[in-house]
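The values are calculated or read from the model by the stated rules, or taken from the named source; none is laboratory data. Values in this document were obtained by computation on a predicted structure and should not be read as measured data. We place every Cβ from the backbone using ideal geometry, glycine too, and count neighbours over all the protein chains shown.
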Amino acid sequence: MKAPPFIYHRPETLDDALALLAEHGDEAKVLAGGQSLIPLMALRMGRPAHVVDLGAIDGLAEITEADGAVSLGPLVRHEQANRSDVIAQHAPLVAQTMPHVAHRAIRTQGTVLGSIAHGDPAAEMPAVVIATGATLTATSSSGERTIAAAEFFEGYLDTALRSDEILTDVTFPAWPSTAVSSVVEVARRHGDYALVGVVTTLDITDDIVTDAALAYFGAASTAIRVSAAEQSLIGSSPSREAFDAAATIVAAELAPPADIHGSTAYRKHLAGVLTTRGLTAAVDSIGVPA
Amino acid sequence: MSANTSGLVGQSVKRVEDDRLLVGNGRYVADVNPPGVLHAVFLRSPLAHATITSIDATAARRAPGVVAIFTGSDMEAITHPFPPFAMQPDLYTPLYYCLSSTTVRMVGDPVALVLAESRHLAEDALELIEVDYEPLDTVASIAEGLSPTKPQLWEKANGNVLYDHVHTFAPGNESVDAVFAGADRVITERLSCPRQSNQPMETRGSVVEVDPDTGHMTIHNATQSSHMLRWIGAALTGKQSTREAAKGIIANKERRKAFLAGAKSFLKENAEGLKAQDNDGMKSQLKADKSFLKHANLIGVGLLGKDDYPDVVAQDIGGGFGAKGSIAREDVALIAAAGELGRSVKWIEDRVENLMDGGQAREEDLTLSIAVDDDGTFRGLKVDLVIDQGAYPGFPVGAPLASAIMKVMFPGSYNWDAFEMRSRIVATNKGKYVAYRGPWANETWARERMVDIVARALKMSPAEIRLKNLIGDDQMPTAMITGPKIDETMSTKKTLERALELLDIDQFERDRDTALAENHYLGLGIASYHEAAPGPPGYWECVNPGTETLLNEEAQATVETDGSVVVYTSQMPHGQSHETTYGQIVADELGVAIEDVKLVFGDTRRTPFSILGTGGSRGGPIGGGAMKYASRAVREQLVDAASKLLEADVADIEIVNGNVHVAGVPARGVTFAELIAQTAGDGFEATRSYRGKGDGGWSVATHACIVDVDLDTGKVTFPRYLVVEDCGPIINPAIVDGQVRGGVAQGIGAVLYERATYDDDANLQSATYMDYLIPTSMEIPEIEVHHMETLSPGGENDFRGVGEGGMIGAPAAITNAIEDALSPFGARITSQYLPPTKILELAGVISPD
Ligand SMILES: Cc1cc2nc3c(=O)[nH]c(=O)nc-3n(C[C@H](O)[C@H](O)[C@H](O)COP(=O)(O)OP(=O)(O)OC[C@H]3O[C@@H](n4cnc5c(N)ncnc54)[C@H](O)[C@@H]3O)c2cc1C
């Protein structure tokens, strides 16, 4: 289990990194925390000829807040996010998510943006990105562009990032004071990628749901929202009946692929169950009776 | 003479291994790096079953850093095939070489060996070897193994059923069928246990170190049986013509003598036992495949004609669970390659290889019929067992021995009028079946599962039906229907009674009601068994005549001239804490501190000969017994010398903290070193062999657990798990608890997490830890361990093994509890593996895809 030969680059500026990517394109891979890339290389399933390590570039591990919106740079580790006061205060959903990502040892290395760029359908962060409508910034040697959350995840481990681009920023929009959220999931073992999970956000004003997001992971080839279920909640007041109705829609709409850890029927069922659990957990935090 | 002067036996003495291991000072095979060592990797088949039409290593040979490449046919020229071992009537053991040359029979089948200057370069070169495969139809399941229309894995076998034999035990005057006909009813169920894998933290590995001056080999290997590896390694490599070998026999008398010394005395001491070997087994083998004789001849003559014999050194080992008791095909290939090249070679298995080819186990179909009277009295038991051996037989022990033990242990601790068992072994295109912690464990799982099924049919409680049928003290001494003797140490019934006292059934019923509100279903499960750990003398004669000889165990105790105590064992610790427990025993016998006892193990140059090494829960009772009597003999020598020196009666000599003195006058005592110096001796030494005693040697337990099944998610947790175990007098309670808990953890793994999964074409689906799920500390509940210490009549050296029991009892208790939890849905559990999907299917929450 040794990686095939590759050329290792450790640029000290973002421009140098971008120049390397421009030069090597498809042949190159960005290395952030390495928790996904390195195992793939060791198994010889990923075979980049060039590895561009971001680790020596200063200033990429920033967590900043402006007008309530929170931005993370590409070297922010999961565990750093987990302990960040800024995130706890302004991006409570991200804070809720972190403990679900892998184990602490992996969280101290793995990065939040790496998780988004990797685009694993069973990972938590892509679902958070689409649930919140976060904005992603991709930078290449020819400039920057922003990509909307809904456009970012294109397929299984496939995103809108080009091979010469680095994901340099994710910005979560300001968290409405009326919003509540939850992250619930079921994994075979503690710390495993989820069999199915759901990120839930609800905007509740005067006991009426004004906005809702239900973003599922482990349920399709990308993280996925079920808008019919979201729509069913909007305009109603949070209640067990409303939640169960949403769950029924979800279980009918999703057809998660089977693997050796769970059948399609099982994951469908789980998506329904977790919908109710997620919605209940979300409103629990504000004491709305379910 | 009171021996226990320091009184360490029976105490939870801290493990003396831990200081070394926990600070990273353990020394494992991977830590051995002889100068100039070459790194080995194996090219493995990506297909489950195929013919190799061509193999071309030209490009790979030219790759940077590559020193040599051996293909299957290269290896056939310089090695012998693995011979059959412990042959049984009606068993065919396929003969196979260390690498495959014409046919691959499983994903991961090794077809070439690359040796290069680094592991990276070796792996790079591996990709340049071109192999053309012609795929063959695959045999992927037990059903396909039994099917006559599937291609045959082994040309000389009769189909893919390599063993088919019926054993019948009906001691009364009624036949098995008559007993069944006479019972009020017969209840039948087919149970199946999916494939699991022994997963040690440390994978397999070997460093064959070649002395550049002499060519002498030292094999550093993570092996449970270093002497076996030395013998088989020497026997199967260095193939030569009979003529050359004969010359060697004449030329190398002295060396040969040393090599054979251990084996010769072993053979002499065990002549009787060996005679008992079943000739019918040999006949079955020869009938299918005479080539074995030719190979055996060449192997034997070649072995005796060798110029030099390797030594084996095993140091720290990160677990094995039976898999490292096998001699690996890789081991043989590496020894042969090192011999050819005259250079040291090193192979550390990676996890993917380990999951493919490191050893798998337990895949068995078991159809049980119990003849029972309406009042719950067991009358007869019939078992139809089929074992999926996979592509290659584990060497030396695998499916045949597992079935032989099951045949003896299936009746469990119950009374029966008759028992019959048909055993079949099928070959399939999957990883090889090896011994896994309690290799026979599915007799307990299937029987205890079935007992619950019978209880339910008769509307009795699981405890009631067990208590009614368990053999009680009032019947002792007696014997199992299959032969082995039983005394009070087979205390199964008492452990069950104790477990029932410890369980608070009323509280359980209340919790059960409360849980329903959350869609959680609670269930209670019990399982009771006894295991031969090591069993009474004569036990192995019932299992497989002639194998009793393997049980012999020798230990040597010495006091060196500087007074230090050094003891030698042929047991091979790989996590069981031998250094601590043997230290306790020796320290007590010799009256020294545990820190003053040094245990030597794993090094064939220094340790007594034993073909088996560690296995079969023998470390405590047999290895510990040999250690006790060897050190007791040394104590006698010490006391004897001291009585002369101090002019006192032997009976008045005491040893306290290494001070040998006349009772009451420690100030005038002498140390061991002084004693040796003053009596002009050159140290003390004694070797003792031991193989158990009496009618006992049973280790016993009842497992009881409460499961909580979440019917929203199919997840199972354990509000309570308790084990009442009886391994006789305990050497170290903390270590016993650890062994029991580790075994239970593996049992939980077996039921809820671990499965070596193959698809319909025998492609391995669980080749990494993303897919082969081992429970972590987060999945394992607190496990209460309660001890009973039944003594066997006649006292002395009454230790019994606990290495395997935890894993034997757990799957039955857990699956029984889950069936109890799902009883409102009429669920019947017939598989040992119950992942969340299966749980919800059983409860009718979802339908199968
Ligand atoms: C045992 C284990 C359990 C895990 N469990 C979970 C889990 O439960 N949930 C979960 O979400 N994750 C889990 N992970 C994955 C972990 O969170 C990873 O860290 C994460 O998915 C990737 O982050 P990284 O920084 O390690 O990325 P890397 O491994 O460095 O990179 C991953 C991929 O993303 C690309 N990449 C990384 N950063 C950028 C960037 N800024 N711009 C462009 N491309 C980039 C790389 O080129 C590569 O293709 C687990 C990992 C392990 C080993």
**OP:** Select, from A:Ala69, A:Ala32, A:Ala49, the only residue that is assigned by TED's automatic domain parsing to the domain that holds A:Ile116, of a type in the set (Gly, Ala, Ser) and modelled with pLDDT of 95 or more.
**Re:** A:Ala69
Original post:
Among (1) part of a helix (DSSP H, G or I); (2) within 14 Å of chain A (Cβ to nearest Cβ), which single condition is B:Asp771 missing?
Top reply: (1)
Original post:
Can we say B:Ile335 is buried (at least 18 other Cβ atoms within 10 Å of the Cβ), within 30 Å of B:Gly26 (Cβ to Cβ), of a type outside the set (D, E, K, R) and in contact with a Pro (Cβ under 8 Å, 6 or more places away or on another chain)?
Top reply: yes
Original post:
Consider A:Ser236 against the criteria (1) in contact with a Leu (Cβ under 6 Å, 6 or more places away or on another chain); (2) more than 12 Å from chain B (Cβ to nearest Cβ); (3) not β-branched (Val, Ile, Thr): it satisfies all of them except one. Which criterion is unmet?
Top reply: (1)
Subject >> Matching residues in the stretch A:184-216 - criterion: being within 14 Å of another protein chain (Cβ to nearest Cβ), assigned to a strand (DSSP E or B) and in contact (Cβ under 8 Å) with a residue 40 or more places away in the chain >> reply: A:Val184, A:Glu185, A:Val186, A:Ala194, A:Leu195, A:Val196, A:Gly197, A:Val198
Subject >> Residue that is nearest to the ligand (Cβ to nearest atom), among those in the stretch A:54-76 that are part of a strand (DSSP E or B) and of a type in the set (Val, Ile, Thr) >> reply: A:Ile63
Original post:
Of these, B:Ile818, B:Ile748, B:Ile780, which one is part of a helix (DSSP H, G or I), under 28 Å from B:Arg466 (Cβ atoms) and either within 14 Å of chain A (Cβ to nearest Cβ) or modelled with pLDDT under 95 (or both)?
Top reply: B:Ile748
**OP:** Could you identify the single residue in A:Thr201, A:Thr222, A:Thr168 that is assigned by TED's automatic domain parsing to the domain that holds A:Glu124 and surrounded by 16 or more Cβ atoms within 10 Å (Cβ to Cβ)?
**Re:** A:Thr168
**OP:** Quick one: in the stretch A:167-183, of everything that is within 14 Å of the chain's Cα centre (by Cα) and among the aliphatic types (A, V, I, L, M), which residue is farthest from the other protein chains (Cβ to nearest Cβ)?
**Re:** A:Val170
Subject >> Total residues in the stretch A:1-41, condition within 11 Å of the ligand (Cβ to nearest atom) and either within 27 Å of B:Glu349 (Cβ to Cβ) or not β-branched (Val, Ile, Thr) (or both) >> reply: 17
Original post:
Got a sec? Which of A:Asp211, A:Asp203, A:Asp207 is modelled with pLDDT under 95, within 23 Å of A:Leu274 (Cα to Cα) and more than 11 Å from the ligand (Cβ to nearest atom)?
Top reply: A:Asp207
**OP:** Have a look at B:Asp132, B:Asp211, B:Asp137, B:Asp184 and point out the one that is under 30 Å from B:Arg456 (Cα atoms), surrounded by fewer than 17 Cβ atoms within 10 Å (Cβ to Cβ) and away from chain A (no Cβ under 14 Å).
**Re:** B:Asp184
Subject >> Subset of the stretch B:652-695 [charged (D, E, K, R), in a loop (DSSP other than H, G, I, E, B) and in contact with a strand residue (DSSP E or B) (Cβ under 6 Å, 6 or more places away or on another chain)] >> reply: B:Asp695
Subject >> Qualifying residues in the stretch A:93-120 (those that are more than 9 Å from the ligand (Cβ to nearest atom) and within 14 Å of chain B (Cβ to nearest Cβ)) - the one nearest to A:Ala160 (Cα to Cα) >> reply: A:Pro99
Original post:
For residues in the stretch B:577-619 being β-branched (Val, Ile, Thr) and touching a strand residue (DSSP E or B) at 6+ places or on another chain (Cβ under 8 Å), which is surrounded by the most Cβ atoms within 10 Å (Cβ to Cβ)?
Top reply: B:Val586
Subject >> Residue that is nearest to B:Arg755 (Cα to Cα) [pool: residues in the stretch A:240-271 that are under 21 Å from the mean Cα position of the chain (by Cα) and at the interface with chain B (Cβ under 10 Å from one of its Cβ atoms)] >> reply: A:Arg267
**OP:** Give the stretch A:258-290 a look and list any residue that's surrounded by fewer than 20 Cβ atoms within 10 Å (Cβ to Cβ) and modelled with pLDDT of 95 or more, or say none.
**Re:** A:Ala258, A:Asp259, A:Ile260, A:Thr264, A:Thr280, A:Ala281
